[in-house]
1. When you check B:F152 against the structure, is it within 13 Å of another protein chain (Cβ to nearest Cβ), more than 30 Å from B:N81 (Cβ to Cβ) and aromatic (F, W, Y), yes or no?
2. Take the conditions touching a residue at least 12 places away in the same chain (Cβ under 8 Å), within 12 Å of chain A (Cβ to nearest Cβ), crowded, with 17+ Cβ neighbours inside 10 Å and not in a loop (DSSP other than H, G, I, E, B) and apply them to B:L269. Does it pass?
3. For residues that are more than 14 Å from chain A (Cβ to nearest Cβ), among the aromatic types (F, W, Y) and either buried (at least 17 other Cβ atoms within 10 Å of the Cβ) or closer than 14 Å to B:Q166 by Cα (or both), tally how many sit in the stretch B:97-129.
4. Quick one: how many residues across the stretch B:57-69 are more than 21 Å from B:F121 (Cβ to Cβ) and either open to solvent by less than 40 Å² (accessible area, probe 1.4 Å) or aliphatic (A, V, I, L, M) (or both)?
5. Give all pairs with beta carbons closer than 6 Å in which a residue from the stretch A:118-143 that is closer than 16 Å to A:L101 by Cβ meets a residue that is modelled with pLDDT of 95 or more and part of a loop (DSSP other than H, G, I, E, B); count only pairs at least 6 apart in sequence or on separate chains.
6. For the stretch B:57-83, how many residues are within 9 Å of chain A (Cβ to nearest Cβ) and aromatic (F, W, Y)?
7. Can you say whether A:S66 is assigned to a strand (DSSP E or B), among the polar types (S, T, N, Q), in contact (Cβ under 8 Å) with a residue 12 or more places away in the chain and closer than 24 Å to B:W123 by Cβ, as far as the supplied structure shows?
8. A:F36: facing another protein chain (nearest Cβ under 10 Å), under 20 Å from the mean Cα position of the chain (by Cα) and either modelled with pLDDT of 80 or more or open to solvent by less than 10 Å² (accessible area, probe 1.4 Å) (or both), yes or no?
Amino acid sequence: MRNLRYTFRYSFILFILTILLISCGKEVDFVPDSSFIKIFNDEYFESAYIPMDIVQAGDSGYFILSAYDTWYTYILRVDENGEFMWDYKLEDTYVNPIKGLYYKDNAFYFFCMDDLSLGTYLMKATDQSKAAEVEKVYADIIYPLHSSAVSDGFLLESYNRESYSTRLTKLGADFSSAWHEEYGVEEDIEESIIGHLTRIGDRLPFFTGQAGNKYFLNGYYNYSMSMLFVNVNDGQQTGVINGFRDKSAISSAQYINGNSFALSRFSFDENIIIPRIDINTSSIGISSDIEGNEHPEMTPNATVYTEILNVNGKEIILYATSTKAGQILLYAYDALNGKLIGTHHLGRINPYEAVDFVTTSDGGLLILGNTFVNGRFSRITLIKMSEKELIEFAY
Amino acid sequence: MKKTLIVGFIALTSILSTNLIAQGKLKRPKQSGSTANATANQWWIGVRGGVNFSSATMQESYSVFSFTQSPTEGYDEKKYNAFTLPGMQFGFSVSYEFLEGLSANVLPSYASYRFSYDNSFRWYNTSNPDINVSTFYTVETRLQYINLPLTFKYQLAKGKFKPYVQAGGYYSFLTDALKKVDTKSIDKASGADSEINETKLSVGINNRTKKANYGLVGGVGFTYNLGNARVGLEVNYHYGFQNLDNGEFKYSDNQLVTGTYDIPDDYSLNNLELSMQVIIPLKFITSKDYVPL
């Protein structure tokens, strides 16, 4: 009987050891905020959302700025797991939300336009109000096109229909106007601007930013979409990369260091990526002369968003764009030498378009996109890649 | 494959070692000659196979959609179909009857399990809800495992017909995993008033499924003496403890996630297995009562 007991015990222990030995797997249960894909949906046939920008709200999720039904303004607040918290559709007066979304003192700030006067509003939204209210009015700044944060404030690009000029306004950290400068287009391009804003025409690559002691802006100048370099103190133009009308232009720019930039450009439906190039910001150049890698997989005159990221201690230039196959495409380049490190496609079967991305406080990457659910309804999508996933393709 | 070989090797070593201890190094219990002790210390081996039906128990549900307005009731809800799709299993049985009527059993088997759930989404015109489009997804999951159950069986009666109950635990190793999605839609907005078949999609989900499962098993059955062998039928219920979804890849983009909007839930698997078996004694039989030499 004792021997039998040993036999039984031996069998059982061996069985358990076998299982433990082989089951030392690495699989884990889902960690909600590490990676996710979310599509913000409603069941309304006529709803169409066009996301514009995203900002991380500290540790408590994200805030998304979007247009809806062509050019009306919509804001969406989501938690750190990408789940819906609240949203708000602004009154029809507030149209044309532009890229440039800021989180400051537990409030979100963005710019939009008055549908009649065409003047610019600075809007403020908070979790308490769950709505957006006018914080400041810039009646003299009409047709706002783009804004960005710089070291000591904000830049706001707009179009002056009376002087046929692109205007750059420097705002202080409190959003008060510091200076403004205008750059002549030499012809009336209001029709193109309206087409861009209402999305009945081509979307144009307006952008602004800072490159050391220069600001840069992409907008209409001298008949064409051009990239201008200006002094930070007064907006005086120092250099330009000329485009050709709106057929050939720089489509995105990211300052790296020194005189180096990461650029992308388009020219008559072709798309070129230039991951690293030295530019004399005090000279005159032509965008179509800048050589780079042609990417026929991108949509014609693709919208491109470029940022410099630190991935696991390495500087990476990341490009986000959209492909003809209806996917979001990320290109990662080494910021030091401009070599391609990896690419990553997102979105299957249904169309997905890249809009923007931000790095998250946990080292991941959050991609804001536009998708057409069921192939037809335009919705906002958020794709969060964990730090591990980001390193896998971009390191 | 490597893991399967390791499992096989260790299991075989386990059985042989146990056999050696039972029959060689350890002293064999004396034969009393009575029927009560006649079947004790007997080894049985056999083959078994049959069908199974599975049910997934959802632990936490996930969706790719985050609704800004609550969806219509019944939509964006996975509805699991329990015990509807047949799978199959076949394997071996190795039993050691260490007391009369009481035996320890290792029942290694290969098994395929299938279960499904339905999900649907709807969009409609707010001013005229008759203008709408609904999409229906039927998602079938197929999982294949090498199972290693260890059970203890108690025989309830003597004679040719021997009913029994058994209980134990099991550990399973995933060998393959697949999802099949059938998409149908009713597109009243485009003029359809009946269901239209759309895509059929098959996607491997090996890396999205945990490599192992474990749980409890219990069941009833009977054997019937047929010459030196016994034939039998048994029903076992496998109650899985493990969440089978590999969380690391829950939202990793593929055709299922961004194409058919299918995010796997955290779930465990339960199976009802019906198996036939034929077993023979390892020791030479001299009497109709299987008295070992």
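1. yes
2. Taking the combined requirement at face value, the residue does not satisfy it.
3. Result for the stretch B:97-129: 3.
4. 0
5. A:L122/A:F175; A:A132/A:L90; A:K136/A:F175
6. 4
7. So A:S66 passes the test.
8. yes
The values are calculated or read from the model by the stated rules, or taken from the named source; none is laboratory data. All values reported here derive from a predicted model rather than from experimental measurement. Cβ coordinates were reconstructed from backbone atoms using ideal geometry, including for glycine residues, and neighbour counts include every protein chain displayed. We work out accessible area using only protein heavy atoms, side chains counted, and drop any ligands, DNA or RNA first. Shrake-Rupley method; radii C 1.70, N 1.55, O 1.52, S 1.80 Å.
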